[in-house]
Amino acid sequence: MISTECVLCSRGIDHCHGSLVVHSDGTAECTDVTCIELEVDTHELVLECVQLTGGCTCTEVRITA
């Protein structure tokens, strides 16, 4: 019988099914609203916010006169 359970879940390995987005100020957020550990080690997909389509407001350059 083929299992549809995540291999990491079935092995009891701590992980998250969401994607971690790391901002230029070092903060991070996850696409999984239930995620409580915003660590690189628990996510298979980790992106810098500048890699997002449209970028991120934390990387905008502000020019003041």
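The values are calculated or read from the model by the stated rules, or taken from the named source; none is laboratory data. What you see is a predicted model; the values in this text were computed from it and never measured. Counting neighbours? That spans all protein chains shown, and the Cβs are built from the backbone with ideal geometry, glycine included.
Across the stretch 1-44, the number of residues qualifying as assigned to a strand (DSSP E or B) and exposed (fewer than 12 other Cβ atoms within 10 Å of the Cβ) comes to 1. Look at the stretch 4-27: where a residue is within 14 Å of residue 42 (Cα to Cα) and touching a residue at least 12 places away in the same chain (Cβ under 8 Å), no partner that is loosely packed, with under 11 Cβ neighbours inside 10 Å and charged (D, E, K, R) sits 6+ places away or on another chain with Cβ atoms under 6 Å.
Looking across the stretch 31-65 at every residue that is at pLDDT 90 or above and among the β-branched types (Val, Ile, Thr), the one that is nearest to residue 9 (Cα to Cα) is identified as 42.
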